[in-house]
Amino acid sequence: EPEVTQTPSHQVTQMGQEVILRCVPISNHLYFYWYRQILGQKVEFLVSFYNNEISEKSEIFDDQFSVERPDGSNFTLKIRSTKLEDSAMYFCASSRTSGAFNEQFFGPGTRLTVL
Amino acid sequence: RKEVEQDPGPFNVPEGATVAFNCTYSNSASQSFFWYRQDCRKEPKLLMSVYSSGNEDGRFTAQLNRASQYISLLIRDSKLSDSATYLCVVNKGNMLTFGGGTRLMVKP
C-alpha cells in the first residue's frame, strides 16, 4: 500500500538555525499538506499546496515558514529561524482530491527539537 | 468555543465492550467529517469518513447530525488493539481541523 514518507524522523537544532523537513507524498496524489502537533496538544493545520502554489495557510504559517516542491517527488517545509516553540511533531499529508471528502493520508512525522 | 470538541477520556473498557465517542463542531460550513486514530507518538491514521446517512465499517459505526453539529463513533466488541486516541476531524476546503482526541484503553 502506498505511503507518505518523511525524513528525517528526528531533527535536533539550535534556536535560530534553519531546518528543512522533507516529505515524499503518495505518487498519484496532487494535494499536499503540513500539520504540526506540539507534545500533548492537538494536530494543527499549517498549509496546503497544489499545483506549485500555497492554496491555504493558517495563522501559524508565518513568514518564517515556506514550502516547496523542488522536484517531482519531494515536498519540503523550511523553517528559516527556529524558535523554542517550534519544537513539535511535523506531519506531512497528501490527498488525491480536494474539497469535501478529500481523505488525507499522513506520513510518520518528523520530531523537531529546538534547543 | 473550541472548533472541534471531544471528551479527552480516558475511557477504560474491558475487551468485548461497546464504547461510544462523541464530538461536536462549531463551524456549520464544515463540509466533511472523519474519524482518525492516533497511537502514541505516531501519525494520525484515517479510520473512516462519516456520511450524513451514517456508515459502518466492521465493528465501527459513525453517525453525523448536521443540525446538532454532532458526530459519533461506536466501537463494538472492543479489542486490545483498539487502544489508541480517536480524533474527530472536520474539513472545510482543504484544511482539516482536529479535535483534541479521546483516549481509549481496552483492558484484558
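Rule-based calculations on the coordinates, nothing more; no lab input. All figures in this text were calculated on a predicted structure; none of them were measured in a lab. Glycine also receives a Cβ, built like all others from the backbone with ideal geometry; neighbour counts cover every protein chain displayed.
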Counted residues in region A:96-109 being more than 8 Å from chain B (Cβ to nearest Cβ) and surrounded by 23 or more Cβ atoms within 10 Å (Cβ to Cβ) come to 0
Of the residues in region B:59-108, those that are away from chain A (no Cβ under 14 Å), buried (at least 22 other Cβ atoms within 10 Å of the Cβ) and over 21 Å from B:Gly16 (Cα atoms) come to B:Ile71
Residue set A:Ile26, A:Ile60; condition among the hydrophobic types (A, V, I, L, M, F, W, C), away from chain B (no Cβ under 11 Å), part of a loop (DSSP other than H, G, I, E, B) and in contact with a Leu (Cβ under 8 Å, 6 or more places away or on another chain); output residue A:Ile60
Within region A:35-94, of all residues that are among the small types (Gly, Ala, Ser) and touching a Ser or Thr at 6+ places or on another chain (Cβ under 6 Å), the one surrounded by the most Cβ atoms within 10 Å (Cβ to Cβ) is A:Ser48
Of the conditions (1) touching a Phe, Trp or Tyr at 6+ places or on another chain (Cβ under 6 Å); (2) within 12 Å of chain B (Cβ to nearest Cβ), the single one that A:Leu21 does not satisfy is (2)
Only one of (1) under 25 Å from B:Cys88 (Cα atoms); (2) within 11 Å of the chain's Cα centre (by Cα) does not apply to A:Ile79, and that is (1)
Okay, strands (runs of 3 or more DSSP E) sitting entirely in region B:1-51 with 2 or more residues that are among the aliphatic types (A, V, I, L, M), I get B:19-25, B:44-50
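In the set A:Leu39, A:Leu46, A:Leu21, which member is outside any strand (DSSP E or B) and among the aliphatic types (A, V, I, L, M)?
Criteria check complete, one pass: A:Leu39.
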